[in-house]
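Peer 1: Got a structure here, written out as structure tokens. Questions coming.
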Amino acid sequence: MNNQIGMKPTASVASKIRHALEQRGLTQAEVTRITGLSQPQVSRRLAGERRWQVDELVALSRAWGVSVDELIGGPGREGAS
């Protein structure tokens, strides 16, 4: 099932995490360190080919000092004032 902007949910989450990485000036290596995933696993997740697991999202959100909802831009956040 696609979300409101026509992207697969996995790709949408991947896009938001890539954006968060860019904003922080971080690399995939930092994500591998935080999550314990291998570089190919991180690469597949950031490309939207694999789903992020909840524990991986929690690890990233804790490391970056944001909620998981803030990290992935939870439902209903677009257009909210």
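The values are calculated or read from the model by the stated rules, or taken from the named source; none is laboratory data. Predicted model only: the values in this text are computed from it and were never measured. Backbone-built Cβ (ideal geometry, glycine too); neighbour counts: all protein chains shown. To get the accessible areas, we keep the full protein, side chains included, count just its heavy atoms, and leave off ligands, DNA and RNA. Shrake-Rupley method; radii C 1.70, N 1.55, O 1.52, S 1.80 Å.
Peer 1: Being open to solvent by less than 50 Å² (accessible area, probe 1.4 Å) and not acidic (Asp, Glu) narrows it down to one of Val54, Val31, so name that one.
Peer 2: Selected residue: Val31, the only one of Val54, Val31 that is open to solvent by less than 50 Å² (accessible area, probe 1.4 Å) and not acidic (Asp, Glu).
Peer 1: Can you pull out every residue in the stretch 57-67 that is in a helix (DSSP H, G or I) and surrounded by fewer than 16 Cβ atoms within 10 Å (Cβ to Cβ)?
Peer 2: Val58, Arg62, Ala63
Peer 1: Looking at the stretch 37-49, can you tell me whether even one residue there is at pLDDT 90 or above, surrounded by fewer than 17 Cβ atoms within 10 Å (Cβ to Cβ), outside any helix (DSSP H, G or I) and small (Gly, Ala, Ser)?
Peer 2: yes
Peer 1: Continuing with this model, one more query. Go through (1) at pLDDT below 90; (2) not in a helix (DSSP H, G or I) for Thr10 and report which single condition fails.
Peer 2: So the condition that Thr10 fails would be (2).
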